[in-house]
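Quick note: the coordinates plus some simple rules give every number you see, no bench work behind them. This is a predicted model, so every value here is computed, not measured. Because the Cβ atoms are built from the backbone with ideal geometry, glycine has one as well, and the counts that use them run over all protein chains shown.
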């Protein structure tokens, strides 16, 4: 048996999230069906983590075992022939048996796109969160930096059974290596999306966060808190208080919409 | 009664074209419903022309008569509150009673986007035509220029009842002011779409055509012919022969897919 590592991009707006669910169109289920058609084998590819309905991926990583001798590059071509255009296989590589898409991950990067213009171009609606109202963006930039370092992120985790799934451990301590809001192209250069170029560059506010791992809903709950800080409803210093409370109830922020979130990369 | 001119952008992938059809989600029908909710009046806004299912618009123009005193800017805001995110009202303006979105148009510009990279980013799938195979792009550039000027475009018109609808006249003579294939950003700068920035700029081939008017399917049939020239199946000089034949049957090209086509602007 070979252990194969796939790198995938997908438009999350067309799926009920990554994880296979009976009767629903999911990325994992769609991928499993495509692999079965190519190799004749029933496998459930394991992702680096789940993404929720509506969340996009520029480079999700998944592994699966196969007895098929198909060369990696042929597998990429065959997958892209079978998969819907909303999922693309970017790369395939044989990896050691001990390699695991989730457990072997050392860092992940997500980004969150907010469209700040008055009118959100229709071509961007699935790919950003449209927030045209006033925000103190400087306060958001400062608040984002405060999160860098090791923290217990319980206050920013979803209160649900999936909470501990990603890392199969009870601890909610994670290390955030970098946490930045930017108005520029640099941060999340990859997921540039439809709509007037000039407008887009003038109107997008992008959050990029790289960390050792992320709890369920963590990035969207952080963005929700940054938005409250931007609106002036919450102070930057409240972040520390909320972190220390280690309770989702201590965090008044709503979970930001899925459409703006992208899994950018997974490092091993 | 006031005569109002609306400028609209829409993502054609979510609609069965512009024209209202019973039981189908169309741009015109969705817009009429939104206007009815705002003004209480049942009107059918008249577009500058129909767009087919899957065809996008960056600045479609539509007019309708209303007794409502609503200020133009308020109408834009109210429409964008009611319309789905796939249609955006960009502008509203009161115009003279004799102004007609279709009949008053002096020129229109369309563009057609072809994605040339091996793997089409999932975020672009609805917004381009993916053609990763070899093309003699220089031959396409030369062929496009040959179309500039006044011609009878019968050979590039759909053979269907809608053929003469746009201009309500029997003549298929139109003037093409400019007709260009380009690898650069300039031509169709507006509809930049999702996916890796660098990739996009390296991988998009864009056709931009500005003319006095266009027959049903004309741009997509021209693109189909340019693709045959690019593949070497047809010679550039065959274009003249096909034009002179004044018959769709003389044109071996398939109609290019709707996903790549954009109505860019209408001039009055």
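Taking 30 Å as R0, compute the FRET efficiency from the Cβ-Cβ separation of residue A:97 and residue B:133 and round it to 0.05.
Step by step, r from the Cβ atoms, then E = 0.20.
Shortest first, in nm, what separates the label point of residue A:94 from those of the same position in the other copies (7 Å along Cα→Cβ)?
7.5
Tell me the angle of helix B:137-146 to the major Cα principal axis of chain B, expressed in degrees between 0 and 90 and rounded to the nearest ten.
Value to nearest ten degrees: 60.
Could you state the angle between the C-alpha long axis of helix A:27-39 and the longest principal axis of the C-alpha atoms of chain A, as a value from 0 to 90 degrees rounded to the nearest 10?
Tilt relative to chain A: about 20 degrees.
How big, in percent, is the set of alpha carbon pairs in the protein assembly as shown lying more than 36 Å apart? Present the calculation step by step, with values, prior to reporting the outcome.
Working: 59071 of 143380 pairs.
Counting every Cα pair in the protein assembly as shown, those more than 36 Å apart make up 41 percent.
Per residue of A:52-60, how many C-beta atoms from partner chains lie within 10 Å of its own C-beta, taken as a mean?
The mean count of partner-chain Cβ atoms within 10 Å per residue comes to 1.
Report the label-to-label distance for residue A:67 and residue A:36 in nanometres (one decimal), using points 7 Å from each Cα along the Cα→Cβ vector.
Placing both labels 7 Å along Cα→Cβ, they lie 1.7 nm apart.
Shielding of A:115-122 by partners, i.e. mean partner chain Cβ atoms within 10 Å per residue?
Average neighbour count from other chains, rounded to a whole number: 5.
Arranged from highest to lowest average of other beta-carbon atoms within 10 Å per residue, in what order do the peptides A:144-152, B:136-144, B:67-75, A:204-212 appear?
A:204-212, B:136-144, A:144-152, B:67-75
Using a 7 Å offset from Cα along the direction of the beta-carbon, what are the separations from residue A:82 to the same position in each other copy, nm, ascending?
4.8
What is the ratio of the Cα radius of gyration of chain B to 2.2 N^0.38 Å, where N is its residue count, to two decimals?
Cα Rg divided by the expected 2.2 N^0.38 Å: 1.03.
Once fully extended, how much extra length lies between residue B:255 and residue B:1, figured as 0.36 nm per residue of separation less the alpha-carbon to alpha-carbon distance? Show your work: numbers first, answer last.
Values: separation 254, 0.36 × 254 = 91.44 nm, distance 4.16 nm.
Stretched fully, the residue B:255-residue B:1 segment lengthens by 87.3 nm.
List the distances, in nm and shortest first, from the label point of residue B:136 to the matching label points in every other copy, placing each point 7 Å from Cα along the Cα-to-Cβ direction.
Spacings between copies for this position, smallest first, are 6.5 nm.
Per residue of B:13-19, count partner chain C-beta atoms within 10 Å of its C-beta, then hand back the mean as an integer.
1
Quick one: plug the Kirkwood hydrodynamic radius of segment B:29-78 (C-alpha pairs) into Stokes-Einstein at 25 °C, 0.890 mPa s, and report D in µm²/s.
Values: Rh = 12.1 Å.
Taking Rh from Cα pairs, D becomes 203 µm²/s.
Just from its helices, what would the mean residue ellipticity at 222 nm be for chain A, if runs of 4 or more DSSP H residues each count -39500 (n - 2.57) and the sum is divided by every residue, rounded to the nearest 500 deg cm²/dmol?
-7000 deg cm²/dmol
Can you give me the Rg/Rh ratio for segment A:2-95, using Cα atoms for both radii and the Kirkwood formula for Rh?
0.93
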